[in-house]
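Novice: Pasting a structure below so you can have a look.
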Amino acid sequence: MMRDSCRAFVDDVVLPFIKHNWQREWSMTPEDRLPASILEGAEQIGIRTLGVPEEFGGIELDRTSEVQTFAIISEEIARGDSGLADKLVQNWKVAVLLRNLAPRHLQEKWFKRLLEEPQFLLAHCLTEPRGASDRWLPYNVPEAAMQTRAVKDGKHWVINGRKQFISNGYDAGLYVVYANTNPKVGMMQGTSSFLVPRDTQGLTVARCNETLGCRFMNNGELVFEDMRVPEDHLLVENEALGKAAVYFRPGKIIQASKNLGVGVRAFEVASEYVQNYVQGGRILLKHQAVALRIADMATKVEAVRALLARAARAVDENAPDADALCNMVKLFASEEIMKVAQHAVELHGGNGMMLDFGVEKLLRDAAIFLHMDATTDISRLKIVKSMFPDTAGKYAGPE
Ligand SMILES: Cc1cc2nc3c(=O)[nH]c(=O)nc-3n(C[C@H](O)[C@H](O)[C@H](O)COP(=O)(O)OP(=O)(O)OC[C@H]3O[C@@H](n4cnc5c(N)ncnc54)[C@H](O)[C@@H]3O)c2cc1C
């Protein structure tokens, strides 16, 4: 039922909007790119505030298949636009984190705001100018720790530093920020997480990054200068990275499923084109080289879908191989769907390179997935580390 209502929303609202307003993603005024009505539409079909517990007014999914449901919905939304899907899934992922880690009175306060304001967004801030790969691995020594520092001062924490490449960073109302609280130990023992409302003094949204794809999600950069947050806004002290598995595992599944949505759309537009566009007196599909590419695209899409279903179930069941599987599917989807999108633009010939034709957007959107939630190389290293924890290398620094 949810797949159907998401599909109808995408077919009736999102795809026509993108088709008739293809210039909008290139507006250099980030707030003007996506009209408010699109997030209001997401609200109407009940997918904007997934992850918020029912007792706070949210729509709660069956926890035994929650991640599998997230996967279905994010695939469908990304089939329409993966930037829009990015905007929404950050809300779900951070809501899951808050319901697990935030004190009750802060859950009451922020879930209420999220429910009341259709444009309200959440963001999750880990990456810094000194890199993110060390944190994904993680390379657990003091010299690789976060540069953003939090120091306790009476009943407040004082945070200094900066974060970059943050999804929804430009327009979120509430941020989860990770900072070093013990420089003498590795990041698994010395990183804490905090809730930071947008209007906190000392927080500056420094810029909106102009990304290659997923442009309807406004990716931003944040600076913290003597930013004071009350002590109850501490989510996890020192062991925040380990406790964030409730965010990271569904996160990888959602990345892969958004990525699948881009692939499904690339396959749809390519199959439509090759069955209508005529060259050499025949529709393209009758040319065998074209047929082979279509078969290749369909096979890749189905292979990603199959691995995704297995990995999402493993996360829902907290299976021992869930960690390896969710990294595998995130990695596999990013590389396979990139090839699917490449076939799609190549099958469109010159039209595939024209902005107003709309197919090149799928290639740009697909390219983003190679870099989100860890690079492909780091994902490979994580897979090996989770399969062979005792013998795999540290991959950085001394043995
Ligand atoms: C669209 C988008 C949205 C994002 N959203 C968020 C978000 O919401 N929150 C957030 O915190 N971050 C976010 N990120 C950041 C993302 O997680 C990082 O860009 C990614 O993890 C790579 O980190 P980096 O850019 O610092 O690259 P670096 O870590 O500087 O890596 C550069 C290159 O070196 C390689 N490398 C680095 N270290 C090693 C090593 N030890 N061994 C082998 N190879 C290595 C990498 O594979 C890569 O090829 C987002 C990024 C993008 C593009």
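The values are calculated or read from the model by the stated rules, or taken from the named source; none is laboratory data. The model shown is predicted, which means the values in this text are computed figures rather than measured ones. Positions of Cβ are backbone-derived with ideal geometry, glycine not excepted, and every protein chain shown enters the neighbour counts.
Novice: Assess whether Ala341 counts as being buried (at least 21 other Cβ atoms within 10 Å of the Cβ), in contact (Cβ under 8 Å) with a residue 24 or more places away in the chain, of a type in the set (Gly, Ala, Ser) and within 19 Å of Gly80 (Cα to Cα).
Specialist: Spelling it out, Ala341 is indeed buried (at least 21 other Cβ atoms within 10 Å of the Cβ), in contact (Cβ under 8 Å) with a residue 24 or more places away in the chain, of a type in the set (Gly, Ala, Ser) and within 19 Å of Gly80 (Cα to Cα).
Novice: Among the residues of the range 221-236, are any modelled with pLDDT under 95 and aliphatic (A, V, I, L, M)?
Specialist: No, the range 221-236 contains no residue that is modelled with pLDDT under 95 and aliphatic (A, V, I, L, M).
Novice: Moving to a separate point now. Of everything in the range 177-190 that's within 22 Å of the chain's Cα centre (by Cα) and over 10 Å from His233 (Cβ atoms), which residue is surrounded by the fewest Cβ atoms within 10 Å (Cβ to Cβ)?
Specialist: Tyr178
Novice: Hey, among the residues in the range 123-137 that are farther than 13 Å from Ile166 by Cα and in contact with a Leu (Cβ under 7 Å, 6 or more places away or on another chain), which one's nearest to the ligand (Cβ to nearest atom)?
Specialist: Leu137
Novice: So, one more: Checking the structure you have, find out if any residue of the range 252-267 is surrounded by fewer than 21 Cβ atoms within 10 Å (Cβ to Cβ) and either farther than 25 Å from Met338 by Cβ or of a type outside the set (Val, Ile, Thr) (or both).
Specialist: No, that holds for no residue.
Novice: Just to be sure before I move on: is Ala322 within 22 Å of Val384 (Cα to Cα), loosely packed, with under 14 Cβ neighbours inside 10 Å and modelled with pLDDT of 95 or more in the structure I sent?
Specialist: no
Novice: Just one of (1) of a type outside the set (Gly, Ala, Ser); (2) within 16 Å of the ligand (Cβ to nearest atom); (3) modelled with pLDDT of 95 or more trips up Arg249, so point out which.
Specialist: (3)
Novice: Residues of the range 157-188 being within 16 Å of the ligand (Cβ to nearest atom), of a type outside the set (S, T, N, Q) and in a strand (DSSP E or B), which ones?
Specialist: Of everything in the range 157-188, those that are within 16 Å of the ligand (Cβ to nearest atom), of a type outside the set (S, T, N, Q) and in a strand (DSSP E or B) turn out to be Ile159, Gly161, Arg162, Lys163, Phe165, Ile166, Leu174, Tyr175, Val176, Val177, Tyr178, Ala179.
Novice: Please specify each residue of the range 364-390 satisfying the condition of being of a type in the set (S, T, N, Q) and within 11 Å of the ligand (Cβ to nearest atom).
Specialist: Those that are of a type in the set (S, T, N, Q) and within 11 Å of the ligand (Cβ to nearest atom): Thr375, Thr376, Ser379.
Novice: Does the range 269-280 hold any residues that are assigned to a helix (DSSP H, G or I) and without any contact (Cβ under 8 Å) to a residue 40 or more places away in the chain, and which are they?
Specialist: Scanning the range 269-280 gives Ser271, Glu272.
Novice: Filter the range 1-10 down to the residues that are in contact (Cβ under 8 Å) with a residue 40 or more places away in the chain and charged (D, E, K, R), then identify the one that is surrounded by the fewest Cβ atoms within 10 Å (Cβ to Cβ).
Specialist: Arg3
So that you can scan it fast, the table gives a plain yes or no per residue for (1) modelled with pLDDT of 95 or more; (2) buried (at least 20 other Cβ atoms within 10 Å of the Cβ):
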| site | (1), (2) |
| --- | --- |
| Pro16 | yes, no |
| Arg24 | yes, no |
| Pro30 | yes, no |
| Gly41 | no, yes |
| Gly46 | no, no |
| Glu55 | no, no |
| Gly80 | yes, yes |
| Ala85 | yes, yes |
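Novice: Is it the case that Gly154 is without any contact (Cβ under 8 Å) to a residue 12 or more places away in the chain and either within 13 Å of the ligand (Cβ to nearest atom) or closer than 28 Å to Pro183 by Cα (or both)?
Specialist: yes
Novice: Here is a check on your reading of the model: is Gly349 without any contact (Cβ under 8 Å) to a residue 24 or more places away in the chain and within 14 Å of the ligand (Cβ to nearest atom)?
Specialist: no
Novice: Output the residues belonging to the range 94-122 that are within 16 Å of the ligand (Cβ to nearest atom) and either over 23 Å from Val205 (Cα atoms) or out of contact with any Asp or Glu (no Cβ under 9 Å at 6 or more places or on another chain) (or both).
Specialist: Val94, Ala95, Val96, Leu97, Leu98, Leu122
Novice: Based on what the data block shows, is Met227 more than 22 Å from Lys243 (Cα to Cα), crowded, with 17+ Cβ neighbours inside 10 Å, in contact (Cβ under 8 Å) with a residue 60 or more places away in the chain and more than 8 Å from the ligand (Cβ to nearest atom)?
Specialist: yes
Novice: Additional query: Would the range 199-209 turn up any residue that is part of a strand (DSSP E or B), more than 15 Å from the ligand (Cβ to nearest atom) and either among the β-branched types (Val, Ile, Thr) or closer than 22 Å to Pro103 by Cβ (or both)?
Specialist: There is at least one residue in the range 199-209 that is part of a strand (DSSP E or B), more than 15 Å from the ligand (Cβ to nearest atom) and either among the β-branched types (Val, Ile, Thr) or closer than 22 Å to Pro103 by Cβ (or both).
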